[in-house]
1. For the range 141-166, enumerate the residues that are basic (K, R) and out of contact with any helix residue (DSSP H, G or I) (no Cβ under 6 Å at 6 or more places or on another chain).
2. Check off (1) exposed (fewer than 15 other Cβ atoms within 10 Å of the Cβ); (2) at pLDDT below 80 for A260 and give me the number that stays unchecked.
3. Has the range 286-298 got at least one residue that is surrounded by fewer than 17 Cβ atoms within 10 Å (Cβ to Cβ), of a type in the set (S, T, Y) and within 22 Å of L197 (Cβ to Cβ)?
4. Can you find a residue in the range 89-96 that is in contact (Cβ under 8 Å) with a residue 60 or more places away in the chain, on the phi > 0 side of the Ramachandran plot, exposed (fewer than 15 other Cβ atoms within 10 Å of the Cβ) and not aliphatic (A, V, I, L, M)?
5. What pairs come up if the first residue lies in the range 128-147 and is closer than 19 Å to D277 by Cα and surrounded by fewer than 22 Cβ atoms within 10 Å (Cβ to Cβ), the second is at pLDDT below 90 and among the aromatic types (F, W, Y), and their beta carbons are under 9 Å apart, counting only those six or more places apart or on different chains?
6. Tell me which residues, restricted to the range 97-127, are surrounded by 16 or more Cβ atoms within 10 Å (Cβ to Cβ), among the aromatic types (F, W, Y) and not in a loop (DSSP other than H, G, I, E, B).
7. Looking only at residues that are over 42 Å from the mean Cα position of the chain (by Cα) and among the hydroxyl-bearing types (S, T, Y) in the range 1-58, which one is surrounded by the fewest Cβ atoms within 10 Å (Cβ to Cβ)?
8. Pick from L26, L19, L4: which is touching a helix residue (DSSP H, G or I) at 6+ places or on another chain (Cβ under 7 Å) and closer than 16 Å to S76 by Cβ?
Amino acid sequence: MLNLGDLATMVVVVNEGTLQLAAEKLHKTQPAISQAIKRLEETIDLKLFDRSGHRFVLTESGRAFYERATELLNQSTQLQHYASLLAAGQEKSYRICVHAIIPESYYEPPVSQAAGQYPMTNLYTLCGSFNMPLSQLDAGRVDLAIVCGHDASPILQQYQRLRLGELVTVNVMRTSLLRELKEGADSIPGFGGIRRLVVDTPAELDPFDFRRAQQGPYWSISDMATQLRLIRAGQGWGQVPLSCVQQELQQGTLHMVPQAPFDQIMTLSVWALRKADRPVGLMGECLWQQLKITAANT
């Protein structure tokens, strides 16, 4: 089996050029350096150096081996650093689930700041509709949920929570589509087959059955960017953040849905939620403190 110490010695000899300089660099004797090189060559059954001159010169095979050895030693250093971070409490991964209607501006800056302090933690972000963030948090599949809802909601009371701000949403459709409706525009079910465009979640990720709660035809979409694109293309109507469509409402290319069974304009609070009984690592606590700063400034 390869000895990483002998491998490191070989790399230093190549980098320094002579046994004497390598010995000085490693604070070892020249015979100890020579023995390490000999032991490495015997282990891999490969001649690494041409010893015919005053300097140790790599053979062709030795040059190829040296390049791979350098990569391996760098990986070993990174692995040791990673192990020390894990031992100190830094998470291997951190998972966040976000209600898809919430723009990234509400949570991306704190996440980026925390991620910058703990670069070895892998980050995962899921987006979904309705109950997905809460169901994923309750099931232990994510560490943090970003949701929107009313301040008085009793569901929020069971979590540690931070209020990140307000989100104003509107139900909109393309103005030209509204003009094309010949009758039944007094309610959504009477829109003559105009679909509601909804950012939906697969059943295996969210036990909430959206389809049974839906009134009228719908189009299930995986992300808000697609939802907005389809609304702008006149493919249906949907609930979106006002900030995403305010200019188009002012220009008249989009129009708020008239007399929908939902409020045309709805103001909700954006919340960061976590479970109080879950252990929190360094990345998670850093992110929570950054979110506290965001909450204090709202």
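The values are calculated or read from the model by the stated rules, or taken from the named source; none is laboratory data. Predicted model, so just to flag it, every value in this text is computed and none were measured. A quick note on method: Cβ atoms are made from the backbone with ideal geometry, for glycine too, and the neighbour counts reach across all protein chains shown.
1. Step one: of the range 141-166, the residues basic (K, R) are 141, 161, 163.
Scanning the range 141-166 gives R141, R161.
2. A260 satisfies every listed condition except (1).
3. Checked the range 286-298: no residue is surrounded by fewer than 17 Cβ atoms within 10 Å (Cβ to Cβ), of a type in the set (S, T, Y) and within 22 Å of L197 (Cβ to Cβ).
4. Step one: list which residues in the range 89-96 are in contact (Cβ under 8 Å) with a residue 60 or more places away in the chain, which gives 89-91, 94.
With the extra rule that they be on the phi > 0 side of the Ramachandran plot, the set shrinks to 89.
Next cut, exposed (fewer than 15 other Cβ atoms within 10 Å of the Cβ) only: 89.
From what is left, the residues that are not aliphatic (A, V, I, L, M) are 89.
So far as the range 89-96 goes, yes, one or more of its residues are in contact (Cβ under 8 Å) with a residue 60 or more places away in the chain, on the phi > 0 side of the Ramachandran plot, exposed (fewer than 15 other Cβ atoms within 10 Å of the Cβ) and not aliphatic (A, V, I, L, M).
5. What qualifies is S135/F208.
6. Y106
7. Filtering first and then ranking leaves S52.
8. Values: L26 fails: closer than 16 Å to S76 by Cβ; L19 fails: closer than 16 Å to S76 by Cβ.
Only one candidate passes the filter, namely L4.
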